[in-house]
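Okay, so here's the structure we're looking at.
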Amino acid sequence: MTRKRMTPAQRRAQLLDIGSKLFAERPYEDVWIEEVADLAGVSRGLMYHYFPSKREFFVEIVRTESERNLDVTAPDTSLPVLEQVAAGLDAYIAYSDEHVHGLRAVNRGSLLGDHQINDILTREFAVQQERILAALPAAFADDEMVRTALLGWIAFVRAVCLDWVERRTLDREQVRELCLRALSSLLEV
């Protein structure tokens, strides 16, 4: 395989994309750095130049997917609250469908018990929670039951979308309806 010239940012993105796909399909322990390097057409040494260890490589995959998710679900604060949430949900469902490998990799990562990965996912959930709370009437923001329930709803959405991309027993509109109905019940809207 001939090596393709890329900028450092392009090469790094390529390695993360390859790794994300591999970790999505196989358990962490079954993915080898050498395989990532081979698929990218680079040396193992270059791989370690970008990522000092397999663990750090995997953490960066989770961080990249988490940031991508936060970017695509950023709310349009000019919309009413339910439309903001619905638009964010639509974006997350589309992200799940278009980035199945990233969704799988993040969910595999959440099972590893790694503190850095847990910190990334905890931050992502907190950002999503705060986005929803910011759109709700002020009374909701100080209600600990609502705050806690929103975190549960965010985890619920992630689990529903993972199940959906794995099994495809529902269509996209059914996934959306299920998630919005759960939120509506939670907030008694």
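To one decimal place, what orientation-averaged projected area in nm² is obtained for the convex hull of the Cα set of the chain? Here the figure is 12.1 nm², rounded to one decimal.
Can you tell which of Ala40, Asn69, Ala182 lies farthest toward the positive end of the dipole of the chain, using +1 and -1 charges on the Cβ of basic and acidic side chains (Lys, Arg; Asp, Glu)? Projecting each Cα onto the dipole axis, the largest value belongs to Ala40. Remark: segment 1-66 carries 56 Å² of accessible area per residue (probe radius 1.4 Å; ligands, DNA and RNA excluded).
Rolled with a 1.4 Å probe across the full set of protein chains, the surface gives Lys54 an accessible area near 50 Å². Each Lys and Arg Cβ is given +1 and each Asp and Glu Cβ -1; about its Cα centre, the chain then shows a dipole of about 820 debye. Computed over protein heavy atoms with a 1.4 angstrom probe, the accessible surface ordering of Met6, Met47, largest first, is Met6, Met47. Rounded to the nearest 20 debye, the dipole magnitude of segment 1-88 is 520 debye, with +1 charges on Lys and Arg beta carbons, -1 on Asp and Glu beta carbons, and the Cα centre as origin.
Within the chain, what whole-number % of the accessible surface is contributed by carbon and sulfur, with the 1.4 Å probe and all protein chains included in the calculation? Please list the in-between numbers first.
On the way: 5580 of 10140 Å².
Roughly 55 percent of what the probe reaches on the chain is carbon or sulfur.
Roughly speaking, what is the stretch gain from Thr122 to Leu46, that is 0.36 nm per residue apart minus the C-alpha to C-alpha distance, in nm to one decimal?
Values: separation 76, 0.36 × 76 = 27.36 nm, distance 3.11 nm.
So the chain would gain 24.3 nm between Thr122 and Leu46.
Subtracting the Cα-Cα distance of Ala182 and Asp76 from 0.36 nm times their residue separation leaves 36.0 nm of extension gain.
Each part reduced to its alpha carbon centroid, segment 10-71 and segment 139-186 end up 29 Å apart. Each of Ala13 and Glu173 was given a label point 7 Å from its Cα along the Cα-to-Cβ line. The distance between the two points is 3.5 nm.
Please compute the contact order of the chain in relative form: average sequence separation of alpha-carbon pairs under 8 Å and at least six residues apart, divided by the residue count, as a percent.
On the way: 155 pairs, mean separation 39.9, N = 189.
Computed over the chain, the figure is 21 percent.
Projecting label points 7 angstrom from Cα along Cα→Cβ for Glu67 and Lys4 puts them 2.2 nm apart.
The values are calculated or read from the model by the stated rules, or taken from the named source; none is laboratory data. Since the structure is predicted, the reported quantities are computational estimates derived from the model, not experimental observations. Note that each Cβ is placed from the backbone with ideal geometry, even for glycine, and that neighbours are counted across all protein chains shown. To get the accessible areas, we keep the full protein, side chains included, count just its heavy atoms, and leave off ligands, DNA and RNA. Shrake-Rupley method; radii C 1.70, N 1.55, O 1.52, S 1.80 Å.
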